[in-house]
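Each remark here refers to the structure printed beneath this line.
The values are calculated or read from the model by the stated rules, or taken from the named source; none is laboratory data. These numbers come from a predicted model, not from an experiment. Glycine gets a Cβ as well: all are built from the backbone with ideal geometry, and neighbour counts include every protein chain shown.
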Amino acid sequence: MDFETERYRMVDTQLKKRGISDFRVLEAMRKVPRHRFIPPELRSSAYEDRPLSIGEEQTISQPYMVALMTECLRLDSEDAVLEVGTGSGYQTAILAELAEKVYTIEIHESLSEKAREILTDLGYTNVAFRVGDGSKGWEEESPFNGIIVTAGSPDIPSILESQLSDGGRLVIPVGSRFVQTLFTITRVGKSLQKREFTSCVFVPLVGEYGWREI
Ligand code: SAM
């Protein structure tokens with residue numbers, strides 16, 4: 001299977017055609033080998049237009065959703081970004097291509113370990129990993145220029161808003177357990193500007209500021 005050809009086709013047909021236009025995001029999506037983050041038995045589907053299972057009842061998100069959320073973050077190369085929900089580590093790699101430093105938190109140790117192995121093998125040196133409840137953010141490393149939550153939350157945790165720098169952007173799916181709306185929240189001084197994007201479906205954000213029970 002020619003993964004590189006598949007990946008370029010994914011960018012053209014799934015991303016550009018649906019309106020993803022940020023040049024740096026498109027370049028990162030062309031570069032990162034998504035198939036490396038996918039279990040071997042599903043690898044032939046790596047560049048299809050859908051989420052895939054990665055174990056622990058979790059998923060790697062659909063490529064379009066990864067690109068859209070990343071575009072919403074508007075990262076530049078000097079930014080520090082927090083990712084809540086490392087999952088497979090694929091989104092982490094995209095962020096690591098675009099920002100100076102990525103802090104990523106995953107609640108399942110086995111997923112965090114696997115993601116760390118793959119990202120290290122691919123040569124990423126600008127990622128810090130943590131196992132734990134990311135709904136509380138990562139206070140010691142805040143403020144962040146961007147925060148991305150890759151699991152569905154019942155509401156917007158104010159603790160995450162408080163860890164944004166001035167001008168910082170939070171991208172988060174908010175809604176019920178079964179369907180959410182993607183929001184971006186931008187800090188402008190003391191005020192927070194909220195913008196609504198598309199509807200989406202994510203696995204639940206569990207933890208203190210997410211869903212309390214599974
Ligand atoms: N960004 C990931 C990728 O590219 O593979 C997809 C992540 S998956 C849709 C959501 C992840 O969030 C799951 O791995 C899940 O275990 C994790 N998660 C859920 N609640 C969490 C929490 N409170 N803290 C950290 N991770 C959490």
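So how many residues does segment 60-74 have that are within 11 Å of the ligand (Cβ to nearest atom), among the aliphatic types (A, V, I, L, M) and assigned to a helix (DSSP H, G or I)? Please lay out each step first, then the result.
Looking only at segment 60-74, we keep the residues that are within 11 Å of the ligand (Cβ to nearest atom), and these are 60-63, 65-66, 69-70.
Narrowing further to those that are among the aliphatic types (A, V, I, L, M): 60, 65-66, 69.
Now narrow it down to the ones that are assigned to a helix (DSSP H, G or I): 65-66, 69.
Looking only at that region, the number is 3.
Take the residues in segment 104-133 that are surrounded by 14 or more Cβ atoms within 10 Å (Cβ to Cβ), within 13 Å of the ligand (Cβ to nearest atom) and of a type in the set (Ser, Thr, Tyr), then tell me which one is farthest from Gly85 (Cα to Cα).
The qualifying residue farthest from Gly85 (Cα to Cα) is Ser112.
Tell me whether segment 33-47 contains one or more residues that are of a type in the set (S, T, N, Q) and within 22 Å of Ala115 (Cβ to Cβ).
yes
Exactly one of these conditions fails for Glu57: (1) out of contact with any Lys or Arg (no Cβ under 9 Å at 6 or more places or on another chain); (2) away from the ligand (no atom under 14 Å from the Cβ); (3) acidic (Asp, Glu). Give me its number.
(2)
Regarding Lys136, is this residue crowded, with 17+ Cβ neighbours inside 10 Å, in contact with a Phe, Trp or Tyr (Cβ under 9 Å, 6 or more places away or on another chain) and of a type in the set (D, E, K, R)? Walk me through how you get there before you give the answer.
Values: crowded, with 17+ Cβ neighbours inside 10 Å: yes; in contact with a Phe, Trp or Tyr (Cβ under 9 Å, 6 or more places away or on another chain): yes; of a type in the set (D, E, K, R): yes.
When the stated conditions are applied, Lys136 passes them.
Scan (1) surrounded by 14 or more Cβ atoms within 10 Å (Cβ to Cβ); (2) among the hydroxyl-bearing types (Ser, Thr, Tyr); (3) in a loop (DSSP other than H, G, I, E, B) for the single condition Ser21 breaks and write down its number.
Unmet condition: (1).
Looking at this structure, is Glu56 farther than 21 Å from Asp121 by Cα and at pLDDT below 95? Talk me through it step by step, then tell me what you get.
Values: farther than 21 Å from Asp121 by Cα: yes; at pLDDT below 95: yes.
Against the criterion (farther than 21 Å from Asp121 by Cα and at pLDDT below 95), Glu56 qualifies.
Does Pro63 count as crowded, with 17+ Cβ neighbours inside 10 Å and free of Cβ contacts under 8 Å to residues at least 24 places away in the same chain? Break it down into steps so the answer makes sense when it comes.
Details: crowded, with 17+ Cβ neighbours inside 10 Å: yes; free of Cβ contacts under 8 Å to residues at least 24 places away in the same chain: no.
For Pro63, the condition - crowded, with 17+ Cβ neighbours inside 10 Å and free of Cβ contacts under 8 Å to residues at least 24 places away in the same chain - is not met.
Quick one: would you say Tyr103 is more than 25 Å from Tyr64 (Cα to Cα) and aromatic (Phe, Trp, Tyr)?
Working: more than 25 Å from Tyr64 (Cα to Cα): no; aromatic (Phe, Trp, Tyr): yes.
When the stated conditions are applied, Tyr103 does not pass them.
Please go through segment 134-168 and give me each residue that is of a type in the set (D, E, K, R) and within 13 Å of the ligand (Cβ to nearest atom), ordered by number. Walk me through it before giving the result.
As a first pass, look at segment 134-168 and keep what is of a type in the set (D, E, K, R): 136, 139-141, 155, 161, 166.
If the condition is that a residue be of a type in the set (D, E, K, R) and within 13 Å of the ligand (Cβ to nearest atom), then Lys136 is the only one that fits.
Of these, Ser21, Ser110, which one is within 21 Å of Leu182 (Cα to Cα) and over 16 Å from the mean Cα position of the chain (by Cα)? First the steps, then the outcome.
On the way: Ser110 fails: within 21 Å of Leu182 (Cα to Cα).
Only one candidate qualifies: Ser21.
Criterion first (surrounded by fewer than 22 Cβ atoms within 10 Å (Cβ to Cβ), under 13 Å from the mean Cα position of the chain (by Cα), without any contact (Cβ under 8 Å) to a residue 60 or more places away in the chain and outside any loop (DSSP other than H, G, I, E, B)) does Tyr8 satisfy it? Steps first, answer last, please.
On the way: surrounded by fewer than 22 Cβ atoms within 10 Å (Cβ to Cβ): yes; under 13 Å from the mean Cα position of the chain (by Cα): no; without any contact (Cβ under 8 Å) to a residue 60 or more places away in the chain: yes; outside any loop (DSSP other than H, G, I, E, B): yes.
Against the criterion (surrounded by fewer than 22 Cβ atoms within 10 Å (Cβ to Cβ), under 13 Å from the mean Cα position of the chain (by Cα), without any contact (Cβ under 8 Å) to a residue 60 or more places away in the chain and outside any loop (DSSP other than H, G, I, E, B)), Tyr8 does not qualify.
Could you please let me know if Pro143 is in contact with a Gly (Cβ under 7 Å, 6 or more places away or on another chain) and not aliphatic (A, V, I, L, M)? Reasoning before the result, please.
Values: in contact with a Gly (Cβ under 7 Å, 6 or more places away or on another chain): yes; not aliphatic (A, V, I, L, M): yes.
Here the answer is yes, as Pro143 does meet what is asked.
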